[in-house]
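Before any comments, here is the structure.
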Amino acid sequence: AYERRFPTCPLIPMFVASDTVNEYKSEDEAIHVIERRCKLDIDAPRLLKKIAGVDYVYFVQKNSLNRRERTLHIEAYNETFSNRVIINEHCCYTVHPDNEDWTCFEQSASLDIKSFFGFESTVEKIAMKQYTSNIKKGKEIIEYYLKQLEEEGITFVPRWTPPVACKLESSTSHTRRPVSPAINIPDSAMKEGLNNKEILNTSSSPSEPTAGTPDDKLDADYIKRYLGDLTPMQESCLIRLRQWLQETHKGKIPKDEHILRFLRARDFNIDKAREILCQSLTWRKQHQVDYILDTWNPPQVLQDYYAGGWHHHDKDGRPLYVLRLGQMDTKGLVRALGEEALLRYVLSINEEGLRRCEENTKVFGRPISSWTCLVDLEGLNMRHLWRPGVKALLRIIEVVEANYPETLGRLLILRAPRVFPVLWTLVSPFIDDNTRKKFLIYAGNDYQGPGGLLDYIDKEIIPDFLGGECMCEVPEGGLVPKSLYRTAEELENEDIRLWTETIYQSASVFKGAPHEVLIQIVDASSVITWDFDVCKGDIVFNIFHSKRAPQPPKKDSLGAHSITSPGGNNVQLIDKVWQLGRDYSMVESPLICKEGESVQGSHVTRWPGFYILQWKFHSMPACATTNLPRVDDVLASLQVSSHKCKVMYYTEVIGSEDFRGSMTSLESSHSGFSQLSAATTSSSQSHSSSMISR
């Protein structure tokens, strides 16, 4: 009767569809395990769905029927937002021990909300409402299908009896666990739409020990298929770093393959890998690198004169990138486009490389996490050593090394001229030692001999300009017309525009000089939302309300900023003569945010007027019980010895017309702060903050 609710159930309107991702039956037919991916249309406010960016929620459900023990175990957990919300549910049907005509039913569930865009209390209410509704309807649904079976003449199911061969087995055979535990797939595999059926089928053999949960171990077939050979220590490092990111980092969590690159770049030193990975994630978020392929179109000059492009793959299945550096007018490109446009184009190439690695992993059925680069230096001469061009090249190398470690599998440098050692002397100090080991350099036509190009690339795809038969669609380069050159002022403005095409802004916070943002609210019950990262130092975040507008902002002279980070300023709005409680009031409790933390939240305005978001320098309090400083205090004071903090923030106001009638009915109109840090392991902090604001 229970199985009849699949693939969809008319008695459960929110249950839209389900797909079977794994099924197992034992030879004696005593055990039947089936795993499904269920699509649910949750009854949630339209605004919440809009903020979350999803229309449907996916759950994984595993049903384990044991005819020998006469039990049905049902396990379910959420796949959607598994980094922010953890839902686990377990149901069990058993035969009553005293009366075999009775069926016992038990159900339990747990809900752990780590963070949810500042709407934790809303999500909690929705989840509880949905769960209560499901419990009430559960008995009604099972009785409906029992009645349906009776109408079809099915009123009895014969007891399972072991086949003759099974009866002759020794008694020890019955001590084996008949049902494997729930198969856990790493979050990254589920999120990125990998072939779930393929992963699950390879790990469900009853004769082999099953994988543990992601908390202690990854599935062996998943590792082999998507990550490559890992020692137990390396696997442990990957799991620990991923768990730390899930607990402390908001937003998009990198895939396992990408986390592994940073671990390999630091020889699996988890502290060093975590440091460079966090810096890279902040950098990606600030410059919206995750969206560069979808939102940025390279200028026509680059498309015409940048002599590089993707060209099939090497013998190991790695994507192959061809760069005809000797045919490229680096001076002309820098003069026509500027350093930042060139850098952004190289970033888009690297992002495309990551995408191609994923595709090739699926095509070749083995992990491919890096690409091969073929650089043809035919035509390289002293004009390529133009100082601004070399400076731009060094900066590009520095950015790529910091944010795309272990992505270069092999670098083939062909037809290196006499001037190459000069360029190599300038460039090599900026290249990581591990990366340098992957360089293979051929002078003249040496690449055509033994140990040359044919050892790494199939003959059929060697480009025509290297004597091969394959037409290569890489632009031939050539001199950029001087009519396309632009002045230094034009290039500077263009550079600023490129890096300000981000929804985030940067600000500096000094001791005694907070950074403040003014938001004018016309309609009460509007929603102010925020999302910020503390890049350096510790800060205190406040929200104030005033009926009168503050004076025009005064910019602190200390807040000077460079071209690459425009907006790294310091603005103060609250006048020194203003008094708290008279001229303005605090509408949320202060929130202390540590360096490296990401914070998201929202506030529903009660009154129209002027709201001020403030990031203030946080001074370490003196220890109350002793005059001696604590070790943590000393370390913290050393980190902020310059009395300067940096934040990267984004704010948005959602109009009351989008808000009213959706969440007001759920009493979530005063959502508190949502701070995600290592210490935040449940929804208790955001819930208590929400209570304070109410």
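Summary table
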| item | result |
| --- | --- |
| From the options Asn63, Asn83, residue that is at pLDDT 85 or above, surrounded by 18 or more Cβ atoms within 10 Å (Cβ to Cβ) and either out of contact with any helix residue (DSSP H, G or I) (no Cβ under 9 Å at 6 or more places or on another chain) or not assigned by the TED database to the domain that holds Asp531 (or both) | Asn63 |
| Those residues of region 296-312 which are open to solvent by 30 Å² or more (accessible area, probe 1.4 Å), free of Cβ contacts under 8 Å to residues at least 60 places away in the same chain and outside any loop (DSSP other than H, G, I, E, B), in sequence order | Gln300, Trp310 |
| Those residues of region 435-452 which are surrounded by 15 or more Cβ atoms within 10 Å (Cβ to Cβ) and over 37 Å from the mean Cα position of the chain (by Cα), in sequence order | Tyr442, Asp446, Tyr447, Gly452 |
| Whichever residue in region 609-622 is open to solvent by 70 Å² or more (accessible area, probe 1.4 Å) and in a loop (DSSP other than H, G, I, E, B) and, among such residues, is nearest to Ser526 (Cα to Cα) | Pro621 |
| Counted residues, region 86-114 - those being aliphatic (A, V, I, L, M), within 18 Å of Phe15 (Cβ to Cβ) and open to solvent by 50 Å² or more (accessible area, probe 1.4 Å) | 1 |
| Restricting region 534-553 to residues that are at pLDDT below 85 and either loosely packed, with under 12 Cβ neighbours inside 10 Å or among the small types (Gly, Ala, Ser) (or both), the residue that is farthest from the chain's Cα centre (by Cα) | Gln551 |
| Near pairs, Cβ below 9 angstrom, 6+ apart or cross-chain, from region 417-439 (in contact (Cβ under 8 Å) with a residue 12 or more places away in the chain) to any residue that is open to solvent by 90 Å² or more (accessible area, probe 1.4 Å) | Val419/Met382; Val422/Met382; Phe430/Glu398; Asn434/Asp267 |
| Selected residue (criterion: farthest from Ile612 (Cα to Cα)) from residues of region 574-594 that are part of a loop (DSSP other than H, G, I, E, B) and open to solvent by 80 Å² or more (accessible area, probe 1.4 Å) | Lys594 |
| Conditions (1) part of a helix (DSSP H, G or I); (2) open to solvent by 30 Å² or more (accessible area, probe 1.4 Å); number of the one not met by Asp316 | (1) |
| Selection status of Ile397, part of a helix (DSSP H, G or I), open to solvent by less than 40 Å² (accessible area, probe 1.4 Å) and among the β-branched types (Val, Ile, Thr) | yes |
| Region 272-311, residues that are modelled with pLDDT of 90 or more and touching an Asp or Glu at 6+ places or on another chain (Cβ under 8 Å) | Tyr305, Ala307, Gly309, Trp310, His311 |
| Criterion (β-branched (Val, Ile, Thr) and either closer than 21 Å to Arg415 by Cα or without any contact (Cβ under 8 Å) to a residue 24 or more places away in the chain (or both)) met by exactly one of Val334, Val346, Val390 | Val390 |
| Selection count where residues are at pLDDT 70 or above, crowded, with 16+ Cβ neighbours inside 10 Å and in contact with a Ser or Thr (Cβ under 9 Å, 6 or more places away or on another chain), scope region 45-60 | 3 |
| Selection status of Arg318, of a type in the set (D, E, K, R), modelled with pLDDT of 90 or more and either touching an Asp or Glu at 6+ places or on another chain (Cβ under 6 Å) or outside the structural domain of Leu411 (by the TED database) (or both) | no |
| Only listed residue being among the small types (Gly, Ala, Ser), closer than 18 Å to Arg37 by Cβ, touching a residue at least 24 places away in the same chain (Cβ under 8 Å) and outside any helix (DSSP H, G or I), chosen from Ser64, Ser115 | Ser64 |
| Sole exception among (1) over 22 Å from Ala307 (Cα atoms); (2) modelled with pLDDT of 80 or more for Ile462, by number | (1) |
| Residue check, Thr20 assigned to a loop (DSSP other than H, G, I, E, B), open to solvent by 50 Å² or more (accessible area, probe 1.4 Å) and either modelled with pLDDT of 90 or more or among the β-branched types (Val, Ile, Thr) (or both) | no |
| Residue selected from region 127-159 under the condition aliphatic (A, V, I, L, M) and closer than 16 Å to Phe15 by Cα, by the criterion least open to solvent (accessible area, probe 1.4 Å) | Ile141 |
| Members of region 262-278 found to be touching a residue at least 12 places away in the same chain (Cβ under 8 Å) and either part of a helix (DSSP H, G or I) or in contact with a Phe, Trp or Tyr (Cβ under 9 Å, 6 or more places away or on another chain) (or both), listed by number | Phe262, Leu263, Arg264, Ala265, Ile270, Ala273, Arg274, Ile276, Leu277, Cys278 |
| Residue among Arg240, Arg284, Arg225 that is assigned to a helix (DSSP H, G or I), under 16 Å from Ile368 (Cα atoms) and out of contact with any Pro (no Cβ under 6 Å at 6 or more places or on another chain) | Arg225 |
| Filter pass, Asp432 being open to solvent by 30 Å² or more (accessible area, probe 1.4 Å), among the charged types (D, E, K, R) and over 28 Å from Ile223 (Cα atoms) | no |
| Considering residues of region 352-378 that are in a helix (DSSP H, G or I), in contact (Cβ under 8 Å) with a residue 60 or more places away in the chain and open to solvent by less than 20 Å² (accessible area, probe 1.4 Å) only, the residue nearest to Thr295 (Cα to Cα) | Cys357 |
| Hits in region 160-172 - residues which are open to solvent by 80 Å² or more (accessible area, probe 1.4 Å) and either at pLDDT 85 or above or assigned to a helix (DSSP H, G or I) (or both) | Thr161, Val164, Lys167, Ser171, Thr172 |
| Per-region count, region 233-267, residues at positive phi and crowded, with 19+ Cβ neighbours inside 10 Å | 0 |
| Matching residues, region 319-342, being among the basic types (Lys, Arg) and either open to solvent by less than 20 Å² (accessible area, probe 1.4 Å) or assigned to a helix (DSSP H, G or I) (or both) | Lys331, Arg335 |
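The values are calculated or read from the model by the stated rules, or taken from the named source; none is laboratory data. Source: prediction; values computed, not measured. Every residue, glycine among them, receives a Cβ derived from its backbone with ideal geometry; neighbour counts consider all protein chains shown. For the accessible areas, the whole protein counts, side chains as well, though only heavy atoms, and no ligand, DNA or RNA atoms are used. Shrake-Rupley method; radii C 1.70, N 1.55, O 1.52, S 1.80 Å.
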